[in-house]
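Structure, as structure tokens:
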Amino acid sequence: MHQHTLSELSGLLAGGEVSSVELTRHFLDRVASLDPSLNAFITVTADQALAAAVEADRRRSAGEAGPLTGVPIAHKDIFCTAGVKTSCGSRMLDSFVSPYDATVVERLDAAGVVCLGKTNMDEFAMGSSNETSWYGPVRNPWDLERVPGGSSGGSAAAVSARLAPAATGTDTGGSIRQPAALVGITGLKPTYGRVSRYGMIAFASSLDQAGTLTRSAEDAALLLTAMAGHDPRDSTCVDVPVPDYAAGLSGDLTGLRVGLVREFLDDGLDGDNRKAIEAAASVLQDLGAELVEVSLPNLGLSVPTYYVVAPAECSSNLSRFDGVRFGHRCEDPRDLLDLYERSRSEGFGAEVKRRILTGTYVLSAGYYDAYYLKAQKVRQLIAADFREAFGRADVLLGPTTPTPAFRLGEKTDNPVTMYLNDIYTIGANLAGLPGMSVPCGFVNDLPVGLHLIADHFDEGRLLNTAHAFQQATGWHRRAPEGAFA
Amino acid sequence: MKLTRQEVQNIAHLARLELPEADMPAFVENLSDIITFVDQLENASTGDTQPMAHPLNMNQPLRPDVVTESDHREDYQRNAPAVERGLYLVPRVIE
């Protein structure tokens, strides 16, 4: 049962071949027996899930079911869920029970999905390996000694190991696409503003965007249709109509212009990974796409730009954690300053502190122009490069990550080495563009991802490109062997 | 750029973070690495490029200035570390 994709399960539910209660029990059993070796979940909401499944089955028998009614999913623990602990992977929020639902949660609930629980993540979504979580690292189902990527590492591992058919995630610099690549699943980061950020705990507000971790582009299309759309509670959420993305998957790529990004395929990419990406480009060409070469000359500056802009916004966003209204509070504060300093120092881990400190530095008097203002100008250049590239191509293509999954502990000593993992993904965040990672092969028996980027609000074309690729190849159907099969 | 221990301490104070003595050398080293890494932006020729204010170059929407929130104080205060009679408790500020 767990080998079925979300779309297939939707069909089985519609055909009466399985009930939501049966499905929910099956996945909850898998979580209970297999998650101890992965640590993909922070909270499992078994009772609520079964109650939601009963309600979904009732809706179905009353003829009120939609395509997502009764399918189980998991939410990244960055999304506020009313009455359920919402930790954001941090000791700071270890005892925080959200009083309200995020818009993403509310919309998926309304569509009838069953939430199995909340998934592990890098603390406050700051990390590329899921090793900064207060709840311990998540392991990669393909090799338990390796990282699943981050920050949506729990969602990625859960979907890859078939503990959930799909999960939500967030992507600020690659946090959906990079883990999707490292565990061999499909990750979608929509256009900035496509999905509401209301109730999604903020890291860097001009970059954060909610998206999906699924087993296929078709599944991503189903979920995005339910999640996307205007929300007056998020002033950056754009009022642009939401198409039925699943209905738009024709699989036809005739006339599609696919841009091979020169800077994505240069010497920084190792040989086997490059072969997988080049093979994927040939598949798209065989399907009727036209390959063109494009260049993003300022792309090399995207990581340093990001590591000014994102920490600056994080230092501001995380100033709300002061030990007064919610979150961790230190014991016996001497005075108000001591309350702030010790509560924050005890509540945040090392990586979060580094980013707050970096952000505070680049925003401080005397440095603002040299760092923050300069970075926002370079960001404009990077966005202009993309605009120009989209004059020549409809979809851009490259690798999602420089290498397959690395070992636990391999990059924890050197933050800059860790940051360079997101070298291919960060550009799309800086420019607000939608991006996807789809499985496209294996290097040393580990999955690698094909990275596709489209123009603003062109998720339909992006999903269709990924869908056509998946119809023609079987990489997305490969599952980790052994316990998770 | 290499940061000094004193600079890191000053930033930590601005950020209301207390860094234990034992962790200072690592923070000084890591932050110096990060700032050195982002220093390469210096060489980018940005000319008269306008800094980006919004990824979609959009303006913030306006709405009528009317009350849209209802009172959830009790719900919200359930997450507070210390409250009394509907007020958040902090250490004494005024002697």
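Quick note: the coordinates plus some simple rules give every number you see, no bench work behind them. The structure presented is a predicted model; accordingly, all values stated were derived computationally and were not measured. No Cβ is skipped: glycine too gets one built from the backbone with ideal geometry, and neighbour counts run over all protein chains shown.
Output the number of residues of region A:368-381 satisfying the condition of being touching a Phe, Trp or Tyr at 6+ places or on another chain (Cβ under 9 Å) and either more than 8 Å from chain B (Cβ to nearest Cβ) or of a type in the set (A, V, I, L, M, F, W, C) (or both). Break it down into steps so the answer makes sense when it comes.
If we filter region A:368-381 for residues that are touching a Phe, Trp or Tyr at 6+ places or on another chain (Cβ under 9 Å), which is where we start, we get A:371, A:375, A:379.
Subsequent filtering for residues that are either more than 8 Å from chain B (Cβ to nearest Cβ) or of a type in the set (A, V, I, L, M, F, W, C) (or both) retains A:375.
Residues in region A:368-381 being touching a Phe, Trp or Tyr at 6+ places or on another chain (Cβ under 9 Å) and either more than 8 Å from chain B (Cβ to nearest Cβ) or of a type in the set (A, V, I, L, M, F, W, C) (or both): 1 in total.
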Before we move on, is A:Gly199 in contact with a Cys (Cβ under 7 Å, 6 or more places away or on another chain) and either under 21 Å from A:Asp143 (Cβ atoms) or within 13 Å of chain B (Cβ to nearest Cβ) (or both)?
-> no
Would a scan of region A:250-267 turn up a residue that is over 22 Å from A:Gln178 (Cα atoms), more than 14 Å from chain B (Cβ to nearest Cβ) and buried (at least 24 other Cβ atoms within 10 Å of the Cβ)?
-> yes
Give A:Asp77, A:Asp35, A:Asp29, A:Asp57 a once-over and let me know the one that is touching a helix residue (DSSP H, G or I) at 6+ places or on another chain (Cβ under 9 Å), more than 30 Å from A:Phe321 (Cβ to Cβ) and among the acidic types (Asp, Glu).
-> A:Asp57
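Find the helices (runs of 4 or more DSSP H) located wholly in region A:1-73 whose residues include 1 or more that are among the β-branched types (Val, Ile, Thr), and list them. Explain how you work it out, then say what you get.
Details: elements: A:6-14, A:20-34, A:46-61.
It comes to A:20-34, A:46-61.
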Can you name every residue in region A:314-372 that is over 27 Å from the mean Cα position of the chain (by Cα) and of a type in the set (Ser, Thr, Tyr)?
-> A:Tyr340, A:Ser343, A:Ser345, A:Tyr361, A:Ser364, A:Tyr367, A:Tyr368, A:Tyr371
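Yes/no matrix, rows are residues, columns are (1) within 11 Å of chain B (Cβ to nearest Cβ); (2) polar (S, T, N, Q); (3) touching a Pro at 6+ places or on another chain (Cβ under 9 Å); (4) crowded, with 16+ Cβ neighbours inside 10 Å:
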{"position": "A:Gly366", "(1), (2), (3), (4)": "no, no, no, no"}
{"position": "A:Ala383", "(1), (2), (3), (4)": "yes, no, yes, yes"}
{"position": "A:Arg387", "(1), (2), (3), (4)": "yes, no, no, no"}
{"position": "A:Arg392", "(1), (2), (3), (4)": "no, no, no, no"}
{"position": "A:Val395", "(1), (2), (3), (4)": "no, no, no, yes"}
{"position": "A:Phe406", "(1), (2), (3), (4)": "no, no, no, yes"}
How about region A:349-364: which of its residues are facing chain B (nearest Cβ under 8 Å) and β-branched (Val, Ile, Thr)?
-> A:Ile356, A:Thr358, A:Thr360, A:Val362
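What about A:Asp234, is it in contact with a Lys or Arg (Cβ under 7 Å, 6 or more places away or on another chain), over 21 Å from A:Gly449 (Cα atoms) and part of a loop (DSSP other than H, G, I, E, B)? Walk me through how you get there before you give the answer.
Details: in contact with a Lys or Arg (Cβ under 7 Å, 6 or more places away or on another chain): yes; over 21 Å from A:Gly449 (Cα atoms): yes; part of a loop (DSSP other than H, G, I, E, B): yes.
So A:Asp234 passes the test.
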Among residues of region B:18-36, those that are under 18 Å from A:Thr412 (Cβ atoms) and facing chain A (nearest Cβ under 10 Å), counted = 8
Which residue pairs have Cβ atoms under 8 Å apart, sit 6 or more places apart or on different chains, and have a first residue in region A:231-248 that is within 14 Å of chain B (Cβ to nearest Cβ) and a second that is exposed (fewer than 12 other Cβ atoms within 10 Å of the Cβ)?
-> A:Pro232/B:Arg63; A:Ser235/B:Gln60; A:Thr236/B:Gln60
Consider A:Gly288 against the criteria (1) surrounded by fewer than 21 Cβ atoms within 10 Å (Cβ to Cβ); (2) facing chain B (nearest Cβ under 7 Å); (3) not in a helix (DSSP H, G or I): it satisfies all of them except one. Which criterion is unmet?
-> (2)
So which residues in region A:110-162 are on the phi < 0 side of the Ramachandran plot and assigned to a helix (DSSP H, G or I)?
-> A:Ala110, A:Glu123, A:Gly153, A:Gly154, A:Ser155, A:Ala156, A:Ala157, A:Ala158, A:Val159, A:Ser160
Would you be able to say whether some residue in region A:337-348 is of a type in the set (S, T, N, Q), touching an Asp or Glu at 6+ places or on another chain (Cβ under 9 Å), closer than 20 Å to B:Glu7 by Cα and at the interface with chain B (Cβ under 7 Å from one of its Cβ atoms)?
-> yes
For residues that are within 7 Å of chain A (Cβ to nearest Cβ) and either in contact (Cβ under 8 Å) with a residue 12 or more places away in the chain or closer than 15 Å to A:Arg379 by Cβ (or both), scanning just region B:37-51, find the one that is surrounded by the fewest Cβ atoms within 10 Å (Cβ to Cβ).
-> B:Gln50
